[in-house]
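J.: Pasting a structure below so you can have a look.
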Amino acid sequence: MDVLIVGAGPTGLALGIDLARRGVDALVVERADRLFPGSRGKGIQPRTQEVFDDLGVLDAVRAAGGLYPAQMIWQDGERVGERAMFEPVEAEEGAPYTDPLMVPQWRTQEVLYARLVELGGQVAFGREATGLEQDAEGVDVRFADGTALRARYVVAADGGRSAVRRAVGVGMTGETVDPSPFLVADVRVKGLDRNHWHVFPGPDGTGLTLCPLAGTDDFQLSAKLPEDTEPKPTLDGVRELVAAYTHLDAADVTELRWASDFRPRAALADRFRVGRVFLAGDAAHVHSPAGGQGLNTSVQDAYNLGWKLGAVLRDGAPEALLDTYEEERRANAAAMLGLSTGVHRGEVRRGKATVQLGLGYPESSLSEDRRAAPSGVRAGDRAPDGRVDGVRLFDAFRGPHWTLLGAAAPAAGVRALPAAPESYGPGVFLVRPDGYVGWAGDSAEGLGEYLTHVGCG
């Protein structure tokens, strides 16, 4: 096979979808017997919504969740104040999605899984990767059941404790974000409205929140505990916390559906590529959950790597194109780790800084701007939405192709529109399959060389 993806979380499933629509022979393997059952990564940022639009799952994701409610602050059983979760970001033509969506991670994964299967892809459950060997032609991956599979490339999307990362000897550099233990759980609770994210501050910076999970009957409980506390991710343990921090009785917690404890940390893999093995998602970077950056950064990894693997495996692009995955994504992940940590520590407000619409690759070797006096949108920038001759750009971008704005299509695999919107500024713009401007020029002169370099010539 072409690509073996280890891990069926949002990263692995998104990558599987992208490769399936490109006709790449790929398989997702997952050590568990089913998809992840918890709500953990519940925030879908606007940039990820744009990615999901392209992958054909945005409508289903929207139907599975909803918008974040305002927070309600409680003290001694009384409501003492309400506050918005996010600073508002005004929608505009170039950025139609500005509100984060709340979708429990298990629902996001169900939607992605259904889309993968619709495209002919599959997940092999109960396959735990335990080791690998690679050579000049491919990678042999061993599994706990004694079997093995060979693929031309392997992608580690198997989480923060990645077995694949360990197998290729890549370390992680990081720090503890907060010394306090945290507990997160999906629960059924009586006695609270579902119109607010309920916040119960405790002493010395501790506290508990209960957030109604959109599209479900559940609440996500999140508790920050004293440093010397041992969390109890059990029904009795959760009931004790609710009784201690809120005005509710222990019996008001009627069901525990999933629970996990952790200590927030930020860590970045020393490398994102070792030969034919790539690291993506939590296998490459571990975030504090504050600010909803982890899952979203992980999906961006998959979206960046998918088109490059497709270009090399199906379109004749030079293998060196794959080096740009680490070049682009490791720097981006490092920036998002800093942002997550800043949100966790109260140094950064959720809003414009966290929606990920300003992310780009201006320093990338794939970003080439040949205009004599560049202005407006530049190479490496996210390509904004807009309209040209009645065609919405996001509709034109949707699919695995490149899009050229301002000149005739020079090659198969490139869709062309006669101009760019005025908001882009003057020039000709080549938009990558992942929605970033790869090349810009005053005319199309020199574009052919770039297209050959990326396998589209």
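The values are calculated or read from the model by the stated rules, or taken from the named source; none is laboratory data. None of these values were measured; they are calculated from a predicted model. For neighbour counting, all protein chains shown are included, and Cβ atoms are generated from backbone atoms with ideal geometry for every residue, glycine included. Heavy atoms of the whole protein, side chains included, go into the accessibility calculation; ligands, DNA and RNA do not. Shrake-Rupley method; radii C 1.70, N 1.55, O 1.52, S 1.80 Å.
J.: Averaged per residue, what accessible surface does segment 3-127 expose to a 1.4 Å probe, in Å²? Provide the component values of the computation, followed by the final result.
T.: Values: 5050 Å² over 125 residues.
With all protein chains present, segment 3-127 gives 40 Å² per residue.
J.: Here's a follow-up. If ligands, DNA and RNA are left out, what is the accessible area of Met172 with a 1.4 Å probe, given in Å² to the nearest 10?
T.: 50
J.: Something else about it: Compute, for the chain, the length of the dipole vector about the Cα centre, with Cβ point charges of +1 (Lys, Arg) and -1 (Asp, Glu) only. Units Debye, rounded to 20. Intermediate results must be reported in sequence, preceding the final value.
T.: Values: 48 positive and 64 negative charges, 66 e Å.
Charge dipole, the chain, about its Cα centre: 320 debye, nearest 20.
J.: Leaving out ligands, DNA and RNA, what percent of the accessible area of the chain is carbon and sulfur, probe 1.4 Å? Could the numbers behind the result be given before it?
T.: Working: 8470 of 18220 Å².
For the chain, the apolar C and S fraction of the accessible surface comes to 46 percent.
J.: May I ask you to work out the translational diffusion coefficient for the chain at 25 °C, viscosity 0.890 mPa s, via Stokes-Einstein with Rh from the Kirkwood sum over Cα pairs, reported in whole µm²/s?
T.: Numbers: Rh = 23.0 Å.
Answer from the Stokes-Einstein relation: 107 µm²/s.
J.: Ok, one more. Under the Kirkwood approximation applied to all pairs of distinct alpha-carbon atoms, what is the hydrodynamic radius of segment 1-104 in Å? Intermediate values should be presented prior to the final figure.
T.: Numbers: mean 1/r = 0.0609 Å⁻¹.
About 16.4 Å, per the Kirkwood formula over Cα pairs.
J.: According to the square roots a ≥ b ≥ c of the eigenvalues of the Cα gyration tensor, what is the shape class of segment 1-59, taking rounded for a/c under 1.5, prolate for a/b larger than b/c otherwise, and oblate for the remainder? Spell out each step's value before the answer.
T.: Working: a/c = 2.79, a/b = 1.14, b/c = 2.44.
The shape class here is oblate.
J.: Right, another one. Between rounded, prolate and oblate, where does segment 152-268 land on the alpha carbon gyration tensor, with a ≥ b ≥ c its root eigenvalues, rounded for a/c under 1.5, else prolate if a/b exceeds b/c? Can you show the working numbers first?
T.: Numbers: a/c = 2.62, a/b = 1.78, b/c = 1.48.
Prolate shape, in that a/c is at least 1.5 and a/b is the bigger ratio.
J.: Could you tell me the convex hull volume per residue, in Å³, taken over the Cα atoms of segment 347-446? Please report the intermediate quantities before stating the final value.
T.: Values: hull volume 12.0 nm³, N = 100.
Enclosed volume per residue, from the Cα hull, is 120 Å³.
J.: For segment 181-339, restrict the atom set to alpha-carbon positions and state the Rg and Dmax in Å.
T.: 20.3, 64
J.: What's the FRET efficiency of Glu422 with Val117 using the Cβ-Cβ distance as r and R₀ = 45 Å, to the nearest 0.05?
T.: Efficiency, from the Cβ-Cβ distance: 0.60.
J.: Work out how much length Glu230 to Val388 would gain on full extension: take 0.36 nm times their residue separation and subtract the Cα-Cα distance, in nm to one decimal. Intermediate results must be reported in sequence, preceding the final value.
T.: Working: separation 158, 0.36 × 158 = 56.88 nm, distance 5.84 nm.
The Glu230-Val388 span can extend by a further 51.0 nm.
J.: Let me ask something else about it. Considering every Cα-Cα pair within segment 44-84, what fraction, in whole percent, is farther apart than 17 Å? Can you show the working numbers first?
T.: Numbers: 406 of 820 pairs.
For segment 44-84, the fraction of Cα-Cα distances above 17 Å is 50 percent.
J.: Calculate how steeply helix 323-344 sits against the longest principal axis of the alpha-carbon atoms of the chain, using the helix alpha-carbon long axis, and give the answer as 0 to 90 degrees to the nearest 10.
T.: Long axis of 323-344 versus the principal axis of the chain: about 30 degrees.
J.: Oh, and also: Of Ala267, Leu13, Leu248, which is farthest on the positive side of the dipole of the chain, counting Cα position, with +1 on Lys and Arg Cβ, -1 on Asp and Glu Cβ, and the Cα centre as origin?
T.: Looking along the dipole axis, the top candidate is Leu13.
J.: Given a 1.4 Å probe and heavy atoms of the protein chains only, how would you sort Asp395, Asp186, largest accessible area at the top? Before the final figure, lay out each step's value.
T.: On the way: Asp395 70, Asp186 5 Å².
Ranking Asp395, Asp186 by accessible area, largest first, yields Asp395, Asp186.
J.: Going by amide H atoms built from the backbone, whose H comes under 5 Å of the H on Val123, apart from near neighbours?
T.: none
J.: Using every Cα-Cα pair within segment 65-146, state what percent have a distance larger than 20 Å. Don't skip to the end; give the middle numbers.
T.: Numbers: 2258 of 3321 pairs.
The share of Cα pairs beyond 20 Å in segment 65-146 comes to 68 percent.
J.: Once you have the Kirkwood Rh of segment 74-217 from its Cα pairs, apply Stokes-Einstein at 20 °C and 1.002 mPa s and quote D in µm²/s. Mind dumping the intermediate values first?
T.: Details: Rh = 20.6 Å.
Translational diffusion coefficient: 104 µm²/s.
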